[in-house]
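Read-outs throughout are calculated quantities, based only on the coordinates presented, and are distinct from any laboratory measurement. Here the structure is a predicted model, which is why all the values come from computation and not from measurement. Glycine gets a Cβ as well: all are built from the backbone with ideal geometry, and neighbour counts include every protein chain shown.
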Amino acid sequence: MSRRLKVASAQLGPIHLADDRPSVVKRLVEMLKEAHGMGCRFVVFPELALTTFFPRYWYDQAGEADRFFEYEMPSAETRPLFDLAAKLNIGFYLGYAEADGEGRRFNSSVLVDTDGKILGKYRKVHLPGHADNRPHLPFQHLEKKYFEPGDLGFPVWRAFDSILGMLICNDRRWPEAYRVMGLQGVELIALGFNTPSHNIYHPETPHLRMFHHRLSVQAGAYQNATWVVATAKAGAEDGYHMFGGSCIVAPTGEIMAQTVSEEDEVVAFDCDLDLCRHYKASTFAFERHRRIEHYTRITAQTGVTLPSED
Ligand code: CDV
């Protein structure tokens, strides 16, 4: 009998600056119930799922951005979600802004088991954008100002009868992130994202933005023989638009389920985890086909070194 895990991608519509935590947690609770009603055992919520995507804003004063961070997880405000998960016997992935109590701040996610207890934490490694104030831009992307790069690597957990890993948004564009988990036998990657519909550096059509998103998650899934559940926060937050495109991708690289709206929306798929084994034992049998003697440059060098012209 094959191992199956029914999962949900629980996309959030916009969260505005004026929306408070309890109202957001209420929306998450409703989607957890809906996923449970669909027979799911695991739900993936977006990156920074408790607040608006605040790194688009420059805050001058120290402390002005404090309200976007979580100082404990769960807190009194987020506990209803954890309590409901335990009651319904359903697990979840939740992205949030983490203040670690020692002055460090990360763009993080937690993996929560069916008893409502935190099984693991991931801190986003690839932080896009800039740290300096660029008020001339239509909006900013200040993840490098508000967060430190994650310091936990790319661990995997034995959970939900599978080998499960986590990524956050921009991580999905970096093949190394998937491969480090692929080398630990990953079978399901949970990934939350917030992707603006406009590129602030050079013009791209909305279609191209969506294409790059799908290309990244579909390639990561196929090349590492894993399921990927990618969940967006979508729509216009106080006028700043982000695309949706939440999807559940099979180890074949095919999209098996996807959202159609830019609102709160739950889509589900019953994942055959043994499908991973088929590809891991054939096309992507790493132990037989990889040639690590030729890959040393990947960890020895960060940027591009051009050969000299003379
Ligand atoms: N939240 C993100 O990491 N967003 C980036 C944008 C800035 C390109 C992304 O990769 O989707």
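Details
- Around the amide H of Gly192, modelled in the peptide plane, lie the amide H atoms of Glu47, Leu167, Cys169, Thr231, all under 5 Å away and 5 or more residues distant in sequence or on another chain.
- Vicinal HN-Hα couplings computed from phi for the range 59-65 (Karplus, 6.51 cos²θ - 1.76 cosθ + 1.60; Hz; Gly/Pro x): 10, 6, 7, 4, x, 5, 9
- Charge context of Asn224, other residues only, Cβ under 10 angstrom, K/R +1, D/E -1: +1
- Loop-located GluC sites (Glu not before Pro) across the range 113-218 with a Cβ neighbour count of 14 or fewer within 10 Å are Glu204, with loop assigned by DSSP.
- Amide H partners (placed H, <5 Å) of Met256, local residues excluded: Ile248, Val249, Ala250
- For the range 153-215 versus the range 78-120, the gap between their alpha-carbon centres in whole angstrom: 19 Å
- Residue-normalised convex hull volume from the C-alpha trace of the range 61-102: 72 Å³ per residue.
- Inter-label distance, nm, simple model (7 Å from Cα along the C-beta direction), Ala131/Met210: 3.7 nm
- Listed by chain and number, the lysines whose C-alpha is less than 19 Å from the C-alpha of Lys144, apart from same-chain residues fewer than 8 away, are Lys124.
- For the range 151-162, putting each phi into the Karplus relation 6.51 cos²θ - 1.76 cosθ + 1.60 with θ = phi - 60° gives couplings of 10, 10, x, 10, x, 10, 10, 7, 7, 6, 6, 9 Hz, in residue order, rounded to whole numbers and with x for Gly and Pro.
- The Rg/Rh ratio of the chain, with Rg taken over Cα atoms and Rh as the Kirkwood radius over Cα pairs, comes to 0.96.
- Database remark: amide H of Glu70 closer than 5 angstrom to the amide H of Ala97, Glu98, Ala99 (H placed geometrically; neighbours at sequence offset of 5 or more, or on other chains; Pro and chain starts carry no H).
- Sites listed here are trypsin sites (Lys or Arg not before Pro) in the range 108-158 whose DSSP assignment is loop and whose Cβ has at most 14 other Cβ atoms within 10 Å: Lys117.
- Summed residue charge, Cβ within 14 Å of Leu273's Cβ, Lys/Arg positive, Asp/Glu negative: +2
- With an a/c value of 1.5 or above and a/b not larger than b/c for the gyration tensor axes a ≥ b ≥ c computed over the alpha-carbon atoms, the range 57-178 is described as oblate.
- Share antiparallel - DSSP beta bridges, the chain, percent rounded to 5: 65 percent
- Sum of side-chain charges, Arg4 neighbourhood, beta-carbon under 15 Å (Lys, Arg +1; Asp, Glu -1): -1
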